[in-house]
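Only one structure is covered here, and it is reproduced in the block below.
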Amino acid sequence: MADFSAEEFAAAKTRGRARLQGPRAESAHYDAGRNRVVVRLTSGVEIGFPPESAQGLVDATPRDLAVIEVEEFGLGIHFPRLDADLYVPALVEGMLGSKAWMAARLGASGGRQRTPAKSAASRENGKRGGRPRKTAPTSG
């Protein structure tokens, strides 16, 4: 077990108290009719999001989402059938996964965007022969 100084321990306690001051999960359920995971916060506000938008829930079935547990102190929600967890303070900020996971999702959605600039660049690339064709690997 790691040894902590008195100052480190006091700082950790202060951070813990601060986390408990913000909104925390009171309950959570899956609304199949709207395809939303709904988290009710201690402030009375509800946050709803489609499961495919959250890390660990992308391929979840309604059966997988039927059981959601609110973790102690309301700082997390757990999906036991998926062994997935979401951190409630991050949900409040609109973060539905780790920074790396969110960046990958944003990058993928950016790649799918159609803009006049991307269309013009694609036309120019086409004039030069376009993207090289993929060739099937030869067996040998």
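Please name all residue pairs, on different chains or six or more residues apart, with Cβ atoms under 8 Å, provided the first residue is in region 69-89 and is polar (S, T, N, Q) and the second residue is surrounded by fewer than 18 Cβ atoms within 10 Å (Cβ to Cβ) and assigned to a strand (DSSP E or B).
Here the result reads none, with nothing in region 69-89 linked to a residue that is surrounded by fewer than 18 Cβ atoms within 10 Å (Cβ to Cβ) and assigned to a strand (DSSP E or B).
Which condition breaks for residue 109 when tested against (1) in a helix (DSSP H, G or I); (2) modelled with pLDDT under 95; (3) surrounded by 10 or more Cβ atoms within 10 Å (Cβ to Cβ)?
Just one mismatch for residue 109, condition (3).
Taking into account only those residues within region 6-39 that are modelled with pLDDT of 95 or more and among the hydroxyl-bearing types (Ser, Thr, Tyr), which is surrounded by the most Cβ atoms within 10 Å (Cβ to Cβ)?
Restricting to residues being modelled with pLDDT of 95 or more and among the hydroxyl-bearing types (Ser, Thr, Tyr), the top hit is 30.
Considering only region 20-56, state which residues are of a type outside the set (Asp, Glu) and assigned to a helix (DSSP H, G or I).
Start the filter on region 20-56 by keeping residues that are of a type outside the set (Asp, Glu), which leaves 20-25, 27-30, 32-45, 47-51, 53-56.
Hits for region 20-56 are 20, 21, 51, 53.
The values are calculated or read from the model by the stated rules, or taken from the named source; none is laboratory data. Please read these numbers as outputs of a predicted model, since none were measured by experiment. We place every Cβ from the backbone using ideal geometry, glycine too, and count neighbours over all the protein chains shown.
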